[in-house]
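Asks: Take a look at this one; I'll ask things after.
Bear in mind that the values in this text are calculations on the coordinates, not laboratory data. Being a predicted model, the structure only gives us computed values, none of them experimental. All Cβ positions, even for glycine, are placed from backbone atoms using ideal geometry, and neighbour counts span all protein chains on display.
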């Protein structure tokens, strides 16, 4: 048993490698199981052309949770994150069932809300204890509004990452990028264990990646995409309140997925379509329809993150900009404005290419 700050770089590297290896072994076991029980068949609203096992995300979930538990057992000052473990396990469990047989919307939505509330329970209990009268009324209303927003963002993150898990490697590479960045930002405080806790799930996703990219031998499934969506939300909340980094960093780190999912949703709603139904209208899906391979499309998102998003995060966390909250908001707004323009132009280019392909056929 030791203090968290006394862990050496070698200790941390060993733990991360152990989690990645465990994730790879468990994913291999899931692949053997899923080949007989969980085949994802091609279809009009799917981007793959051959039957592929799904549910491989169960391995990274178990490996990531094992890392959380081991850290709390072996490091004296790190408390067992019971609520977080229960929340991730709940989302993974519901996703595992949904991978076997599709669940109705409410059967998925209610556990998602419950899991987010589980993680946010200290805020929930504190808000519920506030008196809703006299001078405390405005404080109470503000706390309740913040809580509702946080719950909404948590549920949105779970579903957003499920929506974006449509081609080989795209969610795994995005999660590795976002979780690594947020782990690094949280770890700027050497006494804060959240950085290592987030890094466990980045390492677990890295262990899963060879099974899913450049060609998927197994899909992550709802069990993995939903759990990663929750973990990314948790990491974003931790990073926001860490005090050791620019508060808006998480919004920039996840901006590629947020922009694609949000613009697609708005576009479908504006077109009068049933936005909640499965579809193939995300930008990354249109890119594959132009003839680009899954690997090429995924690498486009990776390149955007490394060439554009990462330098902006570095800028946000450089002094003195890190302390200027309003300036940070301007930077974030600028990032999203640029990404919306890129999304619109990318969608138009894809439509042009697809129409030409159809015309030749």
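Asks: Using a Gaussian network model of the chain with C-alpha springs under 10 Å, which one of 253, 187, 314 is most mobile by mean-square fluctuation?
Replies: Of 253, 187, 314, the most mobile in the Gaussian network model is 314.
Asks: So, one more: Listing 273, 347 from the residue with the fewest other Cβ atoms within 10 Å to the one with the most, what is the order?
Replies: Result, fewest neighbours first: 273, 347.
Asks: Separate question: Can you tell me which of 293-306, 191-204 comes out highest on packing, and rank the rest after it, using the mean Cβ neighbours within 10 Å?
Replies: Answer by packing, highest mean first, reads 191-204, 293-306.
Asks: Taking the beta-carbon count within 10 Å as an exposure proxy, list 99, 11, 168, 40 from fewest neighbours to most.
Replies: 11, 40, 168, 99
Asks: Still on this structure: Which value in deg cm²/dmol, rounded to the nearest 500, describes the helix-derived mean residue ellipticity at 222 nm for the chain, given -39,500 (n - 2.57) per DSSP H run of n ≥ 4 and division by the residue count?
Replies: Theoretical 222 nm ellipticity from helices: -23500 deg cm²/dmol.
Asks: At a 10 Å Cβ-Cβ cut-off, how would you order 50, 249, 328, fewest neighbours first?
Replies: Ranked by crowding around the Cβ, least crowded first: 50, 328, 249.
Asks: Okay, moving on. What value does the chain have for Rg/Rh, both radii from Cα atoms and Rh as Kirkwood defines it?
Replies: Working: Rg = 20.6 Å, Rh = 21.3 Å.
For the chain, the value is 0.97.
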